[in-house]
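The values are calculated or read from the model by the stated rules, or taken from the named source; none is laboratory data. Because the structure is predicted, anything quoted here is derived from the model rather than measured. As a convention, Cβ positions derive from the backbone with ideal geometry for all residues, glycine included, and neighbour counts pool all protein chains shown. Ligands, DNA and RNA are stripped out before the accessible areas are found, and what is left, the full protein with its side chains, is counted by its heavy atoms. Shrake-Rupley method; radii C 1.70, N 1.55, O 1.52, S 1.80 Å.
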Amino acid sequence: MLKNLALVAALVISLASCMFGSHAEELAALQRAAPQLLQSTTDWGPIPSDQWPPALKALHPRSVYGRPEGIYIVTSSFFVQEKGLFLSRSPEFTSKPGGDPEYTPIAKGLYSYVLRG
């Protein structure tokens, strides 16, 4: 069972790399801009595109919104399913496997996420 779980975890991480791997510099820039972005945005609601820093605009998100736990950067959506990047407000944030949304760590404070609705 543990071996299967490790295999699934490796697969998820490699898929996240495939999704965002070609955007490594953009993700690094987003991570550098994250503290200011998190500090300057609301805890709840949409964040207008005129408030997006260049590092966020470079990812061409569909939308961006704040929640108490962090900022969601929507890169795709289909009906009630949503995918994208998540910037955590708390350094203690930890992802829990099998949750909804489900988070996959990319770098400190930066995750890919899937919201299945």
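Miscellaneous remarks
- A residue that is among the aliphatic types (A, V, I, L, M) and within 16 Å of H23 (Cα to Cα) cannot be found anywhere in region 37-53.
- Yes/no for A58 being closer than 14 Å to L110 by Cβ and among the small types (G, A, S): no
- Residue check for S88: among the small types (G, A, S) and under 15 Å from L37 (Cβ atoms): yes
- Close Cβ contacts (under 9 Å, 6 or more residues apart or on different chains) running from residues in region 83-109 that are of a type in the set (A, V, I, L, M) to residues that are open to solvent by less than 40 Å² (accessible area, probe 1.4 Å) and in a loop (DSSP other than H, G, I, E, B) comprise L85/L59; L85/P61; L87/G109.
- Residue count, region 76-91 (criterion: open to solvent by 50 Å² or more (accessible area, probe 1.4 Å) and either touching a strand residue (DSSP E or B) at 6+ places or on another chain (Cβ under 6 Å) or not in a strand (DSSP E or B) (or both)): 5
- The residues in region 45-63 that are over 15 Å from F86 (Cβ atoms), open to solvent by 90 Å² or more (accessible area, probe 1.4 Å) and part of a loop (DSSP other than H, G, I, E, B) can be counted, and the count is 1.
- Here is the figure for region 92-117: residues that are of a type outside the set (V, I, T) and either at pLDDT 95 or above or part of a strand (DSSP E or B) (or both) total 9.
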